[in-house]
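See below for the structure under consideration.
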Amino acid sequence: QVQLVESGGGLVQPGGSLRLSCAASGSIFRIVTMSWHRQAPGKQRELVASITSSGSANYADSVKGRFTISRDNAQNTVYLQMNSLKPEDTAVYYCNSGLAPSSTYTYNIYWGHGTQVTVSS
């Protein structure tokens, strides 16, 4: 069974940094996209950054120049380096992946359970 497990969230002061990790486990045939989304209280979930298997990345305007997404294809892991954090970055961050398990070879979207990031002094 495929699972996405996030780690690295926590409490940080404004201007600080955090690095999130998300590892896809299980028997996986192929991962196409990996991305990070976030949901703040009372708001809709939004895309933060995405990256293809070839390394092409896209970012939300609100995080451009501050966040960097990267992935390790050999480890089926995606990272989100977050610098110059602001209080408005406070949210639950979710990992997302479009992949095909070896059991079905059928592409589907998988979500992690989320990790809390709180930016506060």
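The values are calculated or read from the model by the stated rules, or taken from the named source; none is laboratory data. Everything quoted here is computed from the prediction, not taken from an experiment. So basically every Cβ, Gly included, is an ideal-geometry build from the backbone, and we count neighbours across all protein chains shown. In case anyone asks, the SASA skips ligands and DNA or RNA and just uses the protein heavy atoms, side chains included. Shrake-Rupley method; radii C 1.70, N 1.55, O 1.52, S 1.80 Å.
Every condition in (1) at pLDDT 95 or above; (2) part of a strand (DSSP E or B) holds for Gly16 except the one numbered (2).
When every residue of region 50-59 is checked against the conditions, none turns out to be in contact with a helix residue (DSSP H, G or I) (Cβ under 9 Å, 6 or more places away or on another chain) and open to solvent by less than 50 Å² (accessible area, probe 1.4 Å).
Contact map, region 6-23: first residue more than 18 Å from Gly65 (Cα to Cα) and in contact (Cβ under 8 Å) with a residue 40 or more places away in the chain, second residue open to solvent by 30 Å² or more (accessible area, probe 1.4 Å) and charged (D, E, K, R), Cβ cut-off under 8 Å, separation 6 or more or different chains; pairs are Gly8/Arg19. The residues in region 25-49 that are more than 14 Å from Ser70 (Cβ to Cβ) and under 11 Å from the mean Cα position of the chain (by Cα) can be counted, and the count is 3.
Among residues of region 20-38 being closer than 21 Å to Ser62 by Cβ and touching a Phe, Trp or Tyr at 6+ places or on another chain (Cβ under 8 Å), the one that is surrounded by the fewest Cβ atoms within 10 Å (Cβ to Cβ) is His37.
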